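The values are calculated or read from the model by the stated rules, or taken from the named source; none is laboratory data. Given the structure is predicted, the values throughout are model-derived calculations rather than measurements. Using ideal geometry, Cβ is built from the backbone for each residue, glycine included, and neighbour counts are taken over all protein chains shown. These accessible areas exclude ligands, DNA and RNA; they are computed on the full protein's heavy atoms, side chains included. Shrake-Rupley method; radii C 1.70, N 1.55, O 1.52, S 1.80 Å.
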Amino acid sequence: DWSSDVCSSDLALVANSRGSSQTGSATWTSGTNAYDGTYGTTTNTYASLSTSATSWITVAGYGFNTSIIDLSDVNTLSVSFRCYVTTASRWTSIVMQPYLGTTAIGTSFTAGSVPTTGTTFSTTFTNITRSQIEDPTFGIRVTYNKSGGATDVIYFDFADVSVDYSIEQWESLYL
C-alpha cells in the first residue's frame, strides 16, 4: 500500500477590500473618507488637503492576512483609486504604489492625467507576493507631485484592492 497526493488543477478566487485606516504626509481633512465606503459624488465624501508641496496619502488595513486561504498563490493585485485636484497646472503627476509600512514594493503606476473632477484610475500588479499583502503594514500610497509653490487642494476618495489568487487542489491516489 502506498498513497500519493497529485495536483489536479488550480482554483482561482478573488478577495476584495477597501482598507480601514489612512496616514498622510500631513493631516488630511475628513481622512476617514479615504476608506469609509462612500463613493465620491461631492467634495464632502473625499479626504482633502490644502498644500503647496508634494503630498501623499496611504490607505492600509486591508485585512488580507485573514482572507487568503493557506497554500494559495497570488496571481495579481488590482488597485482602483479615485482622486482629483482643484488646479491641474499646479501638479506634475499622481502616482500610486503598494507599500509595506514606509517601504515601496513592486512598481509604481502613474495616472494618465491630473484630473480636476473625480476620476477613477485602475491598474494590475503581477509582482506582489502573498507574504507582502498579508503583512499588516501593507497599504496603497497615492502621491500628488507638485509643480511650483502655489497652494492647491487635493482630494482622495478610495483605494480599492482585489487579490486574484489560486488554490492548488489535491487528490489522493491510493494504490
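Tabulated results
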item	result
Residue list for segment 118-161, restricted to those being farther than 20 Å from Arg90 by Cβ and touching a helix residue (DSSP H, G or I) at 6+ places or on another chain (Cβ under 9 Å)	Arg130, Ile133, Glu134, Asp135, Pro136, Phe138, Phe158, Ala159, Val161
Within segment 96-110, tally of residues that are under 17 Å from Ile154 (Cβ atoms) and either open to solvent by 70 Å² or more (accessible area, probe 1.4 Å) or touching an Asp or Glu at 6+ places or on another chain (Cβ under 6 Å) (or both)	1
Top-ranked residue of segment 150-175 - restricted to ones that are among the charged types (D, E, K, R) and open to solvent by 10 Å² or more (accessible area, probe 1.4 Å), ranked as modelled with the lowest pLDDT	Glu171
Residue that is least open to solvent (accessible area, probe 1.4 Å) [pool: residues in segment 15-34 that are modelled with pLDDT of 80 or more and assigned to a strand (DSSP E or B)]	Gly24
Cross-chain or 6+ apart pairs with Cβ under 9 Å, segment 96-117 first and in contact (Cβ under 8 Å) with a residue 24 or more places away in the chain, then of a type in the set (Asp, Glu)	Leu100/Asp135; Gly101/Asp135
The listed residue being open to solvent by 60 Å² or more (accessible area, probe 1.4 Å), small (Gly, Ala, Ser) and modelled with pLDDT of 90 or more, out of Ser122, Ser93, Ser113, Ser147	Ser122
When residues of segment 79-90 are limited to those that are under 12 Å from the mean Cα position of the chain (by Cα) and open to solvent by 20 Å² or more (accessible area, probe 1.4 Å), the one farthest from Asp164 (Cα to Cα)	Arg82
